[in-house]
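Inspection log for the structure reproduced underneath, given as structure tokens.
The values are calculated or read from the model by the stated rules, or taken from the named source; none is laboratory data. Every value quoted in this text rests on a predicted model; they were computed, and no experiment measured them. Cβ coordinates were reconstructed from backbone atoms using ideal geometry, including for glycine residues, and neighbour counts include every protein chain displayed.
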Amino acid sequence: MISEYIDKIKTGGSLQVSEAEQCLNTILEKDVSDRQIAELLITLSEKGETASEILGFSRALLTKSRPVPLPSNAIDSCGTGGSGLDRFNVSTTAAFILAAGGVRAIKHGNKGSKRPNGSFDLLEKLGCEFDFEDDRLADIFARTKVCFLFARTYHPVMKKVVTARQMADRRTIFNLSAPLCNPANPQYQILGTVDAKMGRQLAEVLRQLGRQRFLIVIGEPGIDEVSVAGPTHIFELADGIIKEYDIKPSDFGISERDYRTIPGGDNDENAEIFLSLLQNQTPESILDMVCLNAGAAFYCFGRTDSIKEGFDLSKSLFAKGLVQEKFLEYKHLSNEID
């Protein structure tokens, strides 16, 4: 069966949604070799994944995900990666900003695949727990308005493709579909990716998955977040309509910065940056970057009427110490012994 899908793709075809869903179900449920899975992933990547293929893989992953007892009236913020730049964990930081501003944030993510620079590497370094039984997770979320869903816990079937992904040795369709598969099914999402063509594909997939509202952001110089280094192209879904537009740092009173000068790296460095942010001791470039991204999320959720208002709100939450207060509340509750 998998060989038939590979042959179709190699001869110039693309998988329909139902075919892509069945393809992944076959991989996850049947005895398919790592070599064959890797060949499929490489073939899809070389052709270029379509919205139908990403949607089919996403539906299969969501069907097999561990259910989570959380409300869908919440927002997730994540990216597809792929910039190749040293990065600070902007979306993880934004989750605490959003919660400090009264917006429920359900952050879905993972550890870094090659370096300890993922969302959950940072949380571990900061001493935050995140892997809980359902009742504890729901309680912490109800009290703090923020929680973190570790992808390896909620998508255990992904163990089946670990070796094949390593063999493929490239970004694959899983890098595109996994960020769409938050098992809590939040109705609001900020999703970053690195080029407009893929942004357009992902916009259609998120609409088909039933998001009420989303922003897909592609920042200069090819980063999966709102940029302080240049323009950011945005696909926004609101009232069932997708529109495109650009924003730039000067719209928010921000001077453009060379992205390579903004600190970021592995969990050690990013934890230091995060803790300095809470105490208002970081370079303004870092503060502007996280507040601009959190501001976009406040706007997406409807907490503010514009990204600019969300940006200003985020800065005020830091200035008042409310982001630090929210982080310490979550850290304390996450480490409580039952």
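Restricting attention to the range 89-137 and to residues that are of a type in the set (D, E, K, R) and assigned to a loop (DSSP other than H, G, I, E, B), the residue that is modelled with the highest pLDDT turns out to be Arg104. Going through (1) buried (at least 19 other Cβ atoms within 10 Å of the Cβ); (2) over 23 Å from Phe327 (Cα atoms); (3) at pLDDT below 95 one by one, Gly199 falls short only on (3).
Would you pick out the residues in the range 259-271 that are surrounded by fewer than 15 Cβ atoms within 10 Å (Cβ to Cβ) and acidic (Asp, Glu)? Answer for the range 259-271, where residues must be surrounded by fewer than 15 Cβ atoms within 10 Å (Cβ to Cβ) and acidic (Asp, Glu): just Asp268.
Residues that are in contact (Cβ under 8 Å) with a residue 40 or more places away in the chain, more than 19 Å from Asp76 (Cα to Cα) and either in contact with a Phe, Trp or Tyr (Cβ under 6 Å, 6 or more places away or on another chain) or aliphatic (A, V, I, L, M) (or both) within the range 286-307 comprise just one, Ile286.
Report the residue count in the range 221-236 for those that are surrounded by 18 or more Cβ atoms within 10 Å (Cβ to Cβ) and in a loop (DSSP other than H, G, I, E, B). The number of residues fulfilling the criteria is 6.
Kindly indicate whether Ile218 is assigned to a strand (DSSP E or B), under 18 Å from Gly295 (Cβ atoms) and touching a Phe, Trp or Tyr at 6+ places or on another chain (Cβ under 8 Å). Against the criterion (assigned to a strand (DSSP E or B), under 18 Å from Gly295 (Cβ atoms) and touching a Phe, Trp or Tyr at 6+ places or on another chain (Cβ under 8 Å)), Ile218 does not qualify.
Does the range 66-79 contain any residue that is in contact with a Ser or Thr (Cβ under 6 Å, 6 or more places away or on another chain) and either at pLDDT below 95 or under 30 Å from Arg136 (Cα atoms) (or both)? Looking for residues that are in contact with a Ser or Thr (Cβ under 6 Å, 6 or more places away or on another chain) and either at pLDDT below 95 or under 30 Å from Arg136 (Cα atoms) (or both), one finds at least one in the range 66-79, hence yes. Which members of the range 116-138 meet the condition of being within 16 Å of Ala151 (Cβ to Cβ) and among the small types (Gly, Ala, Ser)? If the condition is that a residue be within 16 Å of Ala151 (Cβ to Cβ) and among the small types (Gly, Ala, Ser), then Gly118, Ser119 are the ones that fit.
List pairs: first residue in the range 326-338 and within 9 Å of Thr144 (Cβ to Cβ), second residue assigned to a helix (DSSP H, G or I) anywhere in the structure, Cβ distance under 6 angstrom, at least six positions apart or on different chains. Pairs found: Lys326/Phe96; Lys326/Ala99; Lys326/Ala100; Glu329/Thr144; Tyr330/Thr144; Leu333/Ile140. The set of residues in the range 254-286 that are under 21 Å from the mean Cα position of the chain (by Cα) and assigned to a loop (DSSP other than H, G, I, E, B) comprises Ile262, Pro263, Gly264, Gly265, Asp266. Filter the range 182-197 for residues that are under 15 Å from the mean Cα position of the chain (by Cα) and either not hydrophobic (A, V, I, L, M, F, W, C) or not in a loop (DSSP other than H, G, I, E, B) (or both) and give the result. Asn182, Pro183, Asn185, Pro186, Gln187, Tyr188, Gln189, Ile190, Leu191, Gly192, Thr193, listed by residue number. Within the range 273-285, the set of residues being surrounded by 15 or more Cβ atoms within 10 Å (Cβ to Cβ), without any contact (Cβ under 8 Å) to a residue 12 or more places away in the chain and not hydroxyl-bearing (Ser, Thr, Tyr) is empty.
Restricted to the range 13-65, the set of helices (runs of 4 or more DSSP H) holding at least 2 residues that are farther than 22 Å from Thr163 by Cβ comprises 17-29, 51-63.
Within the range 237-253, the only residue that satisfies the criterion of being buried (at least 19 other Cβ atoms within 10 Å of the Cβ) and either in a loop (DSSP other than H, G, I, E, B) or touching a residue at least 60 places away in the same chain (Cβ under 8 Å) (or both) is Ile247. Checking each residue in the range 286-308 for being under 13 Å from Val228 (Cβ atoms) and surrounded by fewer than 21 Cβ atoms within 10 Å (Cβ to Cβ) picks out only Leu287.
The residues on offer are Thr163, Thr92, and the sole one that is under 19 Å from the mean Cα position of the chain (by Cα) and in contact (Cβ under 8 Å) with a residue 12 or more places away in the chain is Thr92. The C-beta contact set for the range 33-52 (first residue under 19 Å from Glu204 (Cα atoms), second residue assigned to a helix (DSSP H, G or I) and among the charged types (D, E, K, R), distance under 7 angstrom, 6+ apart or interchain) comprises Leu44/Glu53; Ala51/Glu204.
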